[in-house]
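The values are calculated or read from the model by the stated rules, or taken from the named source; none is laboratory data. These numbers come from a predicted model, not from an experiment. Here the Cβ positions follow ideal geometry from the backbone for every residue, glycine too, while neighbour counts run over all protein chains shown. Calculation scope for accessible area: heavy atoms of the full protein, side chains included, ligands and nucleic acids excluded. Shrake-Rupley method; radii C 1.70, N 1.55, O 1.52, S 1.80 Å.
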Amino acid sequence: MGDRLTGQVAFITGAARGQGRAHAVKMAGEGADIIAIDVCGKLPDCVPYDSATPEDLDETVRLVEETGRRIVTSIVDTRDYEGMRDAVDRGVAELGRLDIIVANAGIASPQVWDQITPESFRDVMDVNVTGTWNAVMAGAQKIIDGGRGGSIILISSAAGIKMQPFMIHYTASKHAITGMAKAFAAELGKHSIRVNSVHPGPVLTPMGTGEMPAQISAAGESNPQLAHMLTPFLPSWVAMPEDIADTVCWLASNESKMITAQAIAVDQGSTSY
Ligand SMILES: NC(=O)c1ccc[n+]([C@@H]2O[C@H](COP(=O)([O-])OP(=O)(O)OC[C@H]3O[C@@H](n4cnc5c(N)ncnc54)[C@H](O)[C@@H]3O)[C@@H](O)[C@H]2O)c1
């Protein structure tokens, strides 16, 4: 618990579980109120892991309220621009302002290049790219209207700096986010709004449940030469959601006030070679 975000309001997508929940709880612990959204339902057909539920989002609410902060939630798909705008409007009406956006919702699907269908390519690009753009567009004007500046954090991946074998759609989408952060940073800078992208390596979240491990192994067997392309320098291969939240919270706070348009890797060194 700290006071680095006291009095501020953060809008976070994909907040029902995993990293999005960790960002919400960490920021609330630093004094921020939270506007949280999640689809809380069936993810596109190419996704091999379990979907989040409304009960997952309820648990995020419980954990945020435990810190003493307020949270306003909506169940909405990030691909639904109008729905996203309504969710932010309602949150700002209730909580009074907006300072921070964390565009975190995303999907992943391990598939060998010739098994990616036009539908799965479109779904991954729509959720990861258009959904991220929608999150910024739903909230940026509210930050500008506040006149205090702010911080926007787009969650990309190690795949958005280097690449992830057997995820051409995911890699393309995460590189798009890297570029999107820099382009928004250029135009929003005059409003003292900083925009950065965060690039985690593997993180222990429900993204690794269901058929995900089996599908990763099966894809890997198609071309073993590509194994270990993201080998870390540090001893740990996998981060916890809270490790990523530490960086996201730092980027939201005044401690990073001179940092914008940067791609910040939180990947134990795996994308640096
Ligand atoms: N887990 C990893 O290893 C890893 C590594 C690098 C980057 N990432 C990225 O981190 C972000 C968070 O992933 P996570 O590991 O917490 O996964 P997760 O699946 O546990 O959580 C993602 C959340 O986003 C929600 N979501 C997905 N599509 C949505 C949509 N269209 N609209 C609204 N909500 C939606 C899901 O319901 C879920 O609650 C993603 O962008 C992911 O690509 C994850």
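Here's a check for you: in region 135-150, which residue that is buried (at least 24 other Cβ atoms within 10 Å of the Cβ) and either more than 16 Å from the ligand (Cβ to nearest atom) or polar (S, T, N, Q) (or both) is farthest from residue 181 (Cα to Cα)?
Among those that are buried (at least 24 other Cβ atoms within 10 Å of the Cβ) and either more than 16 Å from the ligand (Cβ to nearest atom) or polar (S, T, N, Q) (or both), it is 143.
Exactly one condition in (1) within 14 Å of the ligand (Cβ to nearest atom); (2) touching a Leu at 6+ places or on another chain (Cβ under 8 Å) is not met by residue 43; state its number.
Among (1) within 14 Å of the ligand (Cβ to nearest atom); (2) touching a Leu at 6+ places or on another chain (Cβ under 8 Å), the lone unmet condition for residue 43 is (2).
Within region 19-43, which residues are open to solvent by less than 10 Å² (accessible area, probe 1.4 Å), closer than 19 Å to residue 244 by Cβ and in a strand (DSSP E or B)?
34, 36, 37
Can you report the number of residues in region 115-134 which are within 9 Å of the ligand (Cβ to nearest atom) and of a type in the set (A, V, I, L, M)?
Total meeting the criteria: 1.
I'm checking my understanding of the structure. Among residues of region 226-242 that are in contact with a Pro (Cβ under 8 Å, 6 or more places away or on another chain) and not in a loop (DSSP other than H, G, I, E, B), which one is surrounded by the most Cβ atoms within 10 Å (Cβ to Cβ)?
The residue in question is 239.
Which of the residues spanning region 167-223 are within 11 Å of the ligand (Cβ to nearest atom), surrounded by fewer than 18 Cβ atoms within 10 Å (Cβ to Cβ) and over 19 Å from residue 239 (Cα atoms)?
The answer is 210, and nothing else.
Determine, yes or no, whether residue 16 is small (Gly, Ala, Ser), part of a loop (DSSP other than H, G, I, E, B) and within 13 Å of the ligand (Cβ to nearest atom).
Yes.
Which ones in region 44-86 are in contact with a strand residue (DSSP E or B) (Cβ under 7 Å, 6 or more places away or on another chain), assigned to a loop (DSSP other than H, G, I, E, B) and surrounded by fewer than 20 Cβ atoms within 10 Å (Cβ to Cβ)?
70
Just to be sure, is residue 2 part of a loop (DSSP other than H, G, I, E, B), open to solvent by 10 Å² or more (accessible area, probe 1.4 Å) and near the ligand (Cβ under 9 Å from one of its atoms)?
Against the criterion (part of a loop (DSSP other than H, G, I, E, B), open to solvent by 10 Å² or more (accessible area, probe 1.4 Å) and near the ligand (Cβ under 9 Å from one of its atoms)), residue 2 does not qualify.
Could you please tell me which pairs satisfy a Cβ distance under 7 Å, a separation of 6+ or placement on different chains, a first residue in region 107-127 that is surrounded by 22 or more Cβ atoms within 10 Å (Cβ to Cβ), and a second residue that is charged (D, E, K, R)?
Once the first residue is surrounded by 22 or more Cβ atoms within 10 Å (Cβ to Cβ) and sits in region 107-127, its partners that are charged (D, E, K, R) give 127/79.
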